[in-house]
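All remarks here apply to the structure that follows.
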Amino acid sequence: MKDTIHRRLHRLGLDIVRYDGRHFVARKRVEVIENEGVTVVLDVGAGVGQFGTWLRDEGYNGRIVSFEPVPEAFARLE
């Protein structure tokens, strides 16, 4: 059954792997922030705050200073 599902997913260009956070870039970012004692993150080109939201979702409680030069995106971010 498992092999059948994998073959069908592979035909669609998909794969399922067991999650191990140690090997994902996003998790590495959080580890660096935690290990280095980062207390302020500068988010340059913040868009509408996607990266800041992701940081919060990952447990970052420090200060985030966001810069966004595009007026429409800045208005949403603000």
*Can you name the number of the only condition in (1) part of a helix (DSSP H, G or I); (2) surrounded by 10 or more Cβ atoms within 10 Å (Cβ to Cβ) that Thr4 fails?*
(2)
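Residue by residue, here is whether (1) in contact with a Cys (Cβ under 9 Å, 6 or more places away or on another chain); (2) assigned to a helix (DSSP H, G or I); (3) modelled with pLDDT of 90 or more holds:
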residue	(1), (2), (3)
Arg8	no, yes, yes
Asp15	no, no, no
Arg18	no, no, no
Lys28	no, yes, no
Val38	no, no, yes
Arg76	no, yes, no
*asked:* I'd like the full set of residues that are open to solvent by 100 Å² or more (accessible area, probe 1.4 Å) and either within 24 Å of Glu68 (Cα to Cα) or in contact with a strand residue (DSSP E or B) (Cβ under 8 Å, 6 or more places away or on another chain) (or both), limited to region 26-48.
replied: Arg29, Leu42, Val44
*Take the residues of region 49-78 that are open to solvent by 100 Å² or more (accessible area, probe 1.4 Å) and among the acidic types (Asp, Glu): which is nearest to Asn35 (Cα to Cα)?*
Asp57
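The values are calculated or read from the model by the stated rules, or taken from the named source; none is laboratory data. Since the structure is predicted, the reported quantities are computational estimates derived from the model, not experimental observations. A quick note on method: Cβ atoms are made from the backbone with ideal geometry, for glycine too, and the neighbour counts reach across all protein chains shown. Calculation scope for accessible area: heavy atoms of the full protein, side chains included, ligands and nucleic acids excluded. Shrake-Rupley method; radii C 1.70, N 1.55, O 1.52, S 1.80 Å.
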